Amino acid sequence: MNKKIVILSAVLGVATLGWAADTDKEKASDRLDNAAKVLHEVMAAPDHGIPSEVMDHAKCVAVVPHMVKGGFVVGAEGGKGVATCRTENGWSAPAFFTVAGGSWGLQIGVEGIDLVMIFQNEKGMNRLLESKFEVGGDASAAAGPIGRHASANTDWKMDAEILTYSRAKGAFAGLTLNGAAVKHDDDSMAAIYGQGVTERSVLTGKVPPPPEAHAFLAAVRGAKTEASAAH
């Protein structure tokens, strides 16, 4: 009888692990789809999107759909995002990360926002390849410019490694974000790519994009086209 219980427990354990893996993969896939939707909508916003010059200059693009936060000029409760970086062969497969903590500006009393981070240079890109970094501490950050064009003022190119943006209740604006910890999301990485695949290998183009990433990468590639059409 005890042997039967052990065998049954083992079978149930394997089934539970399989179900958990499927759930993690579904959540990661949903995150990619939601990030694609956010980027489409942001770039298509007339006069209020990310300027095409900023997208042209980007080394990496990261999106956190519906980051939850609360309070009054607040600390973020947390969110999960996806990122892709430029390689010699185009945009890389997406890597998964989490964001937690930090002080926020401009979003008083909002329960959830969409966050977009534009990594502008090699130094900023290298931060994303690290296992963990702090926005505004390890990596300099600034609220990104919005509107038709950003070329008239080139300060945004020189002053920060990361440009940050947020969207809440339809309003899109540059975001002041400092102290937020960005770190790798190992569970989501394993769910999409399998065990042992690192964020560095993914973001440097050594891993082919999975089918689940098609919509997100298409949104990143089409960002300039949408911005030009909107403007």
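Some notes on this structure:
- Subset of region 54-76 [part of a loop (DSSP other than H, G, I, E, B) and modelled with pLDDT under 90]: 70, 71, 72, 73, 74
- Residues in region 94-120 that are surrounded by fewer than 23 Cβ atoms within 10 Å (Cβ to Cβ) and either under 19 Å from residue 214 (Cβ atoms) or of a type in the set (Ser, Thr, Tyr) (or both) were compared, and the one that is modelled with the highest pLDDT is 98.
The values are calculated or read from the model by the stated rules, or taken from the named source; none is laboratory data. Because the structure is a prediction, the values reported are computed rather than measured. Quick reminder, even Gly has a Cβ in these numbers, built from the backbone with ideal geometry, and neighbours come from all protein chains shown.
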